[in-house]
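Contents: one structure, followed by commentary.
The values are calculated or read from the model by the stated rules, or taken from the named source; none is laboratory data. Just so it is clear, the model here is predicted, and its values are computed rather than measured. Cβ: placed from backbone, ideal geometry, glycine included. Neighbour counts: every protein chain shown. When the accessible area is computed, the model is the full protein with side chains, heavy atoms only, and any ligands, DNA or RNA have been set aside. Shrake-Rupley method; radii C 1.70, N 1.55, O 1.52, S 1.80 Å.
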Amino acid sequence: DMDDITILIDSREQKPFLFKNSIESKLDFGDYMATDEYFSKTSVDRKSLGDFKGTMGKGIGRFRKELDRAKKFGYYLFMVVEANIDQIKEDDARTQNRGNLSFIFHNLRGLLIDYSDNFQVVFCDSREHARLTTQEILYKGEDLHGCDLQYFINEEGS
């Protein structure tokens with residue numbers, strides 16, 4: 001039962017997830033963080049499909065600064081995306097504002113290499129899946145820092 005965890009939600013978060021126990025607060029990086037006995041220097045940055053493409057495109061410099069701040073303070077940052085890779089590709093193919101997915105995924109690979117000790121991305125199938133994944137990440141905290149969480153999500157769905 002993960003409902004006993006209290007989750008801090010960044011006051012600038014545009015579309016916050018709903019949790020049983022949450023407190024709005026200004027966070028220095030990420031959008032969600034656990035508090036009290038679940039605090040573990042683990043932070044989650046939520047991205048909608050559009051946010052992900054924008055961050056990995058024109059917003060890459062700003063996001064690198066966020067990762068630098070997290071690293072400076074010893075935090076591990078998970079980016080939780082409210083879409084999976086196939087959904088991102090499908091969306092890009094049907095929209096007029098097509099992004100350069102090769103460029104976006106090139107930037108993502110660069111981040112995963114440069115911040116391999118304090119960053120990973122988790123692609124989810126829906127907003128609700130992303131909410132539950134965020135809660136689980138914050139509940140388990142440091143136990144997931146060295147784990148390839150995407151691998152386990154993919155295996156669970158197979």
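In region 24-37, the qualifying residues are those that are open to solvent by less than 90 Å² (accessible area, probe 1.4 Å) and without any contact (Cβ under 8 Å) to a residue 40 or more places away in the chain, and the one that is nearest to the chain's Cα centre (by Cα) is 31. Taking residues in region 45-65 that are under 24 Å from residue 8 (Cα atoms), and partners anywhere that are assigned to a helix (DSSP H, G or I) and of a type in the set (Ser, Thr, Tyr), the pairs with Cβ atoms closer than 7 Å and at least 6 places apart or on different chains are 46/134; 47/55; 63/55. Specify the residue that is most open to solvent (accessible area, probe 1.4 Å); the eligible residues are those in region 1-23 that are among the hydrophobic types (A, V, I, L, M, F, W, C) and part of a strand (DSSP E or B). Here the answer is 23. Report yes if residue 93 is in contact with a strand residue (DSSP E or B) (Cβ under 6 Å, 6 or more places away or on another chain) and not in a loop (DSSP other than H, G, I, E, B), otherwise no. Against the criterion (in contact with a strand residue (DSSP E or B) (Cβ under 6 Å, 6 or more places away or on another chain) and not in a loop (DSSP other than H, G, I, E, B)), residue 93 does not qualify.
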